[in-house]
Amino acid sequence: MKKYKIEKSEEEWKKQLGEDQFKVLRQKGTEAPHTGKYNLHFENGEYHCAACNQKLFESETKFESGCGWPSFDKAIDGSVEYVQDKTFGMRRTEILCANCGSHLGHVFDDGPTETGQRYCVNSASIEFKK
């Protein structure tokens, strides 16, 4: 198992995060589409990992994809880790916080910008800072 800069027991994470964030960040859950607080949020600032505060995305990389989750076309270099995900009979690329290993969402090659990427992220996995 990979070691991360920030390591905590599952009990410590559960206490820190609360039920909804723990389910997404530590148990690889997914919030329902169109329910997350950052889905239609477009202020200027940065998005950080809700578990460890690692800076993940800049607001200028966020776009409205219509998928129901916050979407970004680029992550901050070195901030996320990419893992093949073959659950539910699909082949996807999961994105994890490179600092603590928490689940953020998935990245797809169908983005509308020049990067061609769509980082589909759970609102529960991020915190916004102006």
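Can you compute the helix-only [θ] at 222 nm over the chain? Use -39500 (n - 2.57) per DSSP H run of at least 4 residues, normalise by all residues, nearest 500 deg cm²/dmol.
The helix contribution divided over the chain gives -3000 deg cm²/dmol.
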**Study point:** Dipole in debye (nearest 20) - the stretch 1-83, about Cα centre, beta carbon charges: Lys, Arg +1; Asp, Glu -1
**Key:** 360 debye
**Study point:** the stretch 1-108, Rg to Rh (Cα coordinates; Rh as Kirkwood inverse mean 1/r)
**Key:** 0.94
Practice item. List the aspartates and glutamates whose Cα lies under 20 Å from the Cα of residue 37, skipping any in the same chain that are fewer than 8 positions away. Key: 19, 20, 46, 58, 60, 64, 73, 127
**Study point:** Positive-end residue of 22, 1, 65, charge dipole of the chain with Cβ unit charges
**Key:** 1
Check your understanding: In whole percent, what relative contact order does the chain give with Cα contacts below 8 Å and a gap of six or more residues?
Key -> 28 percent
Check your understanding: In the chain, what cysteines have no partner Cβ closer than 4.7 Å?
Key -> 67, 120
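Counting other C-beta atoms within 10 Å, which of 56, 104, 40, 17 has the fewest, and how do the rest follow?
Numbers: 56 26, 104 30, 40 10, 17 20.
Listed from fewest to most nearby Cβ atoms, that is 40, 17, 56, 104.
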Review point. Residues of the stretch 56-94 with amide nitrogen under 12 Å from the 7 Å Cα-to-Cβ point of residue 46?
Key: 56-59, 76-77, 79
Exercise for review: Over the stretch 57-130, consider all pairs of different Cα atoms and compute the Kirkwood hydrodynamic radius from their mean reciprocal separation; express it in Å, one decimal.
Suggested key: 12.6 Å
Practice item. For each of 65, 102, 123, count neighbouring Cβ atoms within 10 Å of the residue's Cβ, then give the residues from fewest to most. Key: 65, 123, 102
Revision key, fill the gap. Neighbour-count ranking for 20, 77 (other C-beta within 10 angstrom, fewest to most) reads 77, 20
Practice item. Give the calculated FRET efficiency between residue 90 and residue 4 to the nearest 0.05, with a Förster radius of 25 Å applied to their Cβ-Cβ distance. Key: 0.45
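Bear in mind these aren't lab numbers, they're just calculated from the coordinates by the rules spelled out. Here the structure is a predicted model, which means the values were calculated and not measured. Cβ: placed from backbone, ideal geometry, glycine included. Neighbour counts: every protein chain shown.
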